[in-house]
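Please read the structure below before turning to the comments.
The values are calculated or read from the model by the stated rules, or taken from the named source; none is laboratory data. Keep in mind the model is a prediction, meaning the values are calculated, not measured. Glycine gets a Cβ as well: all are built from the backbone with ideal geometry, and neighbour counts include every protein chain shown. With ligands, DNA and RNA removed, areas are computed over all heavy atoms of the protein, side chains included. Shrake-Rupley method; radii C 1.70, N 1.55, O 1.52, S 1.80 Å.
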Amino acid sequence: MIWSVPPTRLPWTAVTFSTESNVDDLAKKLTDFVTAYNKIIDKVNTLTSESPDLDVKIKYKPLTDSDKEDMSEDEIEKWNKKAQEGLLQNDSALNGILSELRSAVNTIEESTGLSLSKLGIKTQSYDYTSGGQLGVDTEQLKETLTSSSDAVKDLFTGEDGVSQKIKNVLDKYVGTFGGDGILLLKAGSKTRTNDTSLLSTQIKQYEDTIDDLTDQLEDEQDRYWSKFTAMEQALSTLNAQSSYLTSMFSGNQSS
């Protein structure tokens, strides 16, 4: 008989349990599972803890189309990467992912009372820089797999097991094939022709506001140029009249 952990959006291969499974092989698969989980935690932690550097923000302004004309694709990519540093510091959606993923791996399978910590998979509490990443006690993991393989199977493959909980979190934030997650609703996707996400909508509103203000500026500019032109014409007329009157007075004084 074979049981498989339901596939998730995480970059790992489903962990398969069977009556003929080798303990070393299962331990390796579960360690790979932890490694993939830690990569997500590390990436999100990096984004949410990265502080914006004032000097960088001053130097690396968003590029305009004219700026990009004199730059290579590689230069543009590197520039944008620097310009985006710190933009996601303390982002609520990403912090939500961290919190819910950590909760998911701390689950206890009620029917067996088993948890990841009892397998030897625990938060690296001794390392404050880990941000909630997991560490693996390989010997304890192998011992538990040897003595309680069915319970381990239930912990990962149960309806409310670790794998399903993680999948639920990622579906909630990243989305499923049939719906959008919180991140997509907020930030959208480059591949979508009709992007109605929160940030895209805000950008469109800002662009419309800029267009409206530009039109108003041009109208004001035209109005002042009209006034300036009329003033110049009036001054020209006054100067002509002044010259005429001056010449008349000069002529009368001479006579």
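Mind telling me which of the residues S189, S147 ends up being loosely packed, with under 14 Cβ neighbours inside 10 Å and either within 30 Å of D24 (Cα to Cα) or touching an Asp or Glu at 6+ places or on another chain (Cβ under 6 Å) (or both)?
Working: S189 fails: either within 30 Å of D24 (Cα to Cα) or touching an Asp or Glu at 6+ places or on another chain (Cβ under 6 Å) (or both).
Result: S147 is the single residue among S189, S147 that is loosely packed, with under 14 Cβ neighbours inside 10 Å and either within 30 Å of D24 (Cα to Cα) or touching an Asp or Glu at 6+ places or on another chain (Cβ under 6 Å) (or both).
Looking only at region 84-127, how many residues end up being under 18 Å from K153 (Cβ atoms), assigned to a strand (DSSP E or B) and not charged (D, E, K, R)? Even if it seems obvious, please write down each step before you answer.
Going residue by residue through region 84-127, those that are under 18 Å from K153 (Cβ atoms) are 104-105, 107-121.
When the remaining residues are screened for being assigned to a strand (DSSP E or B), the result is 108-109, 114-115, 121.
Still in the list and also not charged (D, E, K, R): 108, 114-115, 121.
Total satisfying the criteria: 4.
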_Being closer than 20 Å to V105 by Cβ and open to solvent by less than 60 Å² (accessible area, probe 1.4 Å) is the filter here; which residues of region 168-182 pass it?_
V169, L170, D171, Y173, V174, G181
*If you scan region 135-160, which residues turn out to be over 12 Å from G120 (Cα atoms) and under 33 Å from the mean Cα position of the chain (by Cα)?*
L155, F156, T157, G158, E159, D160
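Mind checking which residues of region 84-101 are of a type in the set (A, V, I, L, M, F, W, C) and surrounded by 12 or more Cβ atoms within 10 Å (Cβ to Cβ)? Give the steps one after another, and end with the answer.
Residues of region 84-101 that are of a type in the set (A, V, I, L, M, F, W, C), as a first pass: 87-88, 93-94, 97-98, 101.
Scanning region 84-101 gives L88, A93, L94, I97, L98, L101.
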*Picking from E220, E207, which residue would you name as being exposed (fewer than 12 other Cβ atoms within 10 Å of the Cβ) and either within 24 Å of the chain's Cα centre (by Cα) or within 30 Å of T112 (Cα to Cα) (or both)?*
E207
*What are the residues in region 128-143 that are part of a helix (DSSP H, G or I) and at pLDDT 90 or above, if any?*
T138, E139, Q140, L141, K142, E143
*When only residues in region 53-77 that are part of a loop (DSSP other than H, G, I, E, B) and of a type outside the set (K, R) count, which is most open to solvent (accessible area, probe 1.4 Å)?*
D70
_Test: K81 is outside any loop (DSSP other than H, G, I, E, B), open to solvent by 90 Å² or more (accessible area, probe 1.4 Å) and modelled with pLDDT under 90_ = yes
*In region 155-205, how many are among the hydroxyl-bearing types (S, T, Y) and touching a residue at least 60 places away in the same chain (Cβ under 8 Å)?*
3
_L141 within 30 Å of L30 (Cα to Cα) and open to solvent by less than 80 Å² (accessible area, probe 1.4 Å)_ = yes
